[in-house]
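The values are calculated or read from the model by the stated rules, or taken from the named source; none is laboratory data. All values derive from a computational prediction rather than experimental measurement. Cβ coordinates were reconstructed from backbone atoms using ideal geometry, including for glycine residues, and neighbour counts include every protein chain displayed.
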Amino acid sequence: MAHRDSIYRLEGLIKSDDAYVGGKKSGKRGRGAMSKKPILVTVENRKDHAGFVAAEAVDAVSQDSVREFCRRHLKSGQEVRTDALSALNSIGEEHTHEKWLTPPEEAGHCLPFVHIVIGNLKTVLNGTFHGVSHKY
């Protein structure tokens with residue numbers, strides 16, 4: 001299965017976002033949380049439902065990690081919508097990059113399938129492992 005996943009590339013309208021996963025701890029939440037692992041998530045949008053998904057844990061959400069993620073998971077020349085995080089600007093090097101500047105409370109409306117995937121992932125991880133350490 002890993003081999004098949006390594007040769008498949010997402011195409012069409014793609015929505016992408018970053019997130020942070022890990023156990024529930026006090027302190028800063030989201031971007032900048034020291035105890036969380038950053039992930040990148042992309043979802044093909046097929047009108048009123050989601051298509052294929054690609055997700056990957058990264059050391060940091062940076063232009064280099066985003067560029068490599070896109071190289072591995074997206075066909076060249078796709079339309080990609082994201083929030084306006086500057087680390088995602090490298091998407092525009094090989095794809096049509098549409099940035100949506102939205103308040104955090106409205107992000108779920110702009111990138112709904114991505115946020116559903118992220119929410120489901122966090123629910124599974126927290127329910128199964130009751131928190132995930134950086135080791136995993």
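Which of the residues belonging to the range 83-98 are within 11 Å of V61 (Cβ to Cβ) and either in contact (Cβ under 8 Å) with a residue 60 or more places away in the chain or hydrophobic (A, V, I, L, M, F, W, C) (or both)?
Selection gives L85, A87, L88.
Condition check ((1) among the aromatic types (F, W, Y); (2) out of contact with any Leu (no Cβ under 6 Å at 6 or more places or on another chain); (3) surrounded by 15 or more Cβ atoms within 10 Å (Cβ to Cβ); (4) modelled with pLDDT of 95 or more) across all residues:
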{"site": "D5", "(1), (2), (3), (4)": "no, yes, no, no"}
{"site": "S26", "(1), (2), (3), (4)": "no, yes, no, no"}
{"site": "G51", "(1), (2), (3), (4)": "no, yes, yes, no"}
{"site": "V66", "(1), (2), (3), (4)": "no, no, yes, yes"}
{"site": "D83", "(1), (2), (3), (4)": "no, yes, yes, no"}
{"site": "A87", "(1), (2), (3), (4)": "no, yes, yes, no"}
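Considering only residues of the range 28-42 that are in contact with a Gly (Cβ under 7 Å, 6 or more places away or on another chain) and at pLDDT 80 or above, which is surrounded by the fewest Cβ atoms within 10 Å (Cβ to Cβ)?
Residue satisfying both the conditions and the ranking: K37.
Out of N126, N45, which single residue is surrounded by 14 or more Cβ atoms within 10 Å (Cβ to Cβ), in contact with a Phe, Trp or Tyr (Cβ under 7 Å, 6 or more places away or on another chain) and either closer than 12 Å to S16 by Cα or modelled with pLDDT under 90 (or both)?
Among N126, N45, only N45 is surrounded by 14 or more Cβ atoms within 10 Å (Cβ to Cβ), in contact with a Phe, Trp or Tyr (Cβ under 7 Å, 6 or more places away or on another chain) and either closer than 12 Å to S16 by Cα or modelled with pLDDT under 90 (or both).
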